[in-house]
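To start, the structure itself, in structure tokens.
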Amino acid sequence: MGLVYNLQSQTHVRKALRNAPTPGEEMLWRYLKGSRLGMKFRRQYGVGNYVVDFYCVSVRLAVELDGASHEEYAAKLYDAVRQKDLESLGIRVIRFSESETTERPEEIAERIRTIASSLLT
């Protein structure tokens, strides 16, 4: 079976996450929406059994913003398993901290553009 996007069972989760973005997600979305980086990104997008913060289907790139809760031991373990699962599906996962995204959103957007562009080839 192929990769499944936006499972119907996750609709309420994706919607809730889109309706309550973190400050970093809100700032970064301003740079990603509308194909502003030269490719289309989607936010709070279902990939397999997970919902990723941002996803570019064309290059199979997931962008995750990690807030303070990701510093806890259990969250780090979960994130590691989740990232391994996504990578096993051929998806590249890049992570940024919430704080660096709110402090330097333009720089983070440019780093995402560089990585996404490199995946086009």
Revision key, fill the gap. The lone condition Gln83 fails out of (1) closer than 19 Å to Gln10 by Cβ; (2) open to solvent by less than 50 Å² (accessible area, probe 1.4 Å); (3) within 10 Å of the chain's Cα centre (by Cα) is (3)
Review point. Do we have Lys40 as assigned to a loop (DSSP other than H, G, I, E, B), charged (D, E, K, R) and within 22 Å of Ser117 (Cβ to Cβ) here?
Key: yes
Exercise for review: Could you check Pro21 against (1) without any contact (Cβ under 8 Å) to a residue 24 or more places away in the chain; (2) in a helix (DSSP H, G or I) and say which number it fails?
Suggested key: (2)
Practice item. Looking only at the range 92-110, decide whether some residue is exposed (fewer than 13 other Cβ atoms within 10 Å of the Cβ) and of a type in the set (S, T, N, Q). Key: no
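Conditions (1) within 16 Å of Arg92 (Cα to Cα); (2) open to solvent by less than 70 Å² (accessible area, probe 1.4 Å); (3) part of a loop (DSSP other than H, G, I, E, B); (4) in contact (Cβ under 8 Å) with a residue 40 or more places away in the chain, marked per residue:
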| residue | (1), (2), (3), (4) |
| --- | --- |
| Arg14 | no, yes, no, no |
| Arg30 | no, no, no, yes |
| Gly46 | yes, yes, no, yes |
| Asp53 | yes, yes, no, no |
| Glu64 | yes, yes, no, no |
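The values are calculated or read from the model by the stated rules, or taken from the named source; none is laboratory data. All figures in this text were calculated on a predicted structure; none of them were measured in a lab. For neighbour counting, all protein chains shown are included, and Cβ atoms are generated from backbone atoms with ideal geometry for every residue, glycine included. The accessibility values were calculated without ligands, DNA or RNA, using every heavy atom of the protein model including side chains. Shrake-Rupley method; radii C 1.70, N 1.55, O 1.52, S 1.80 Å.
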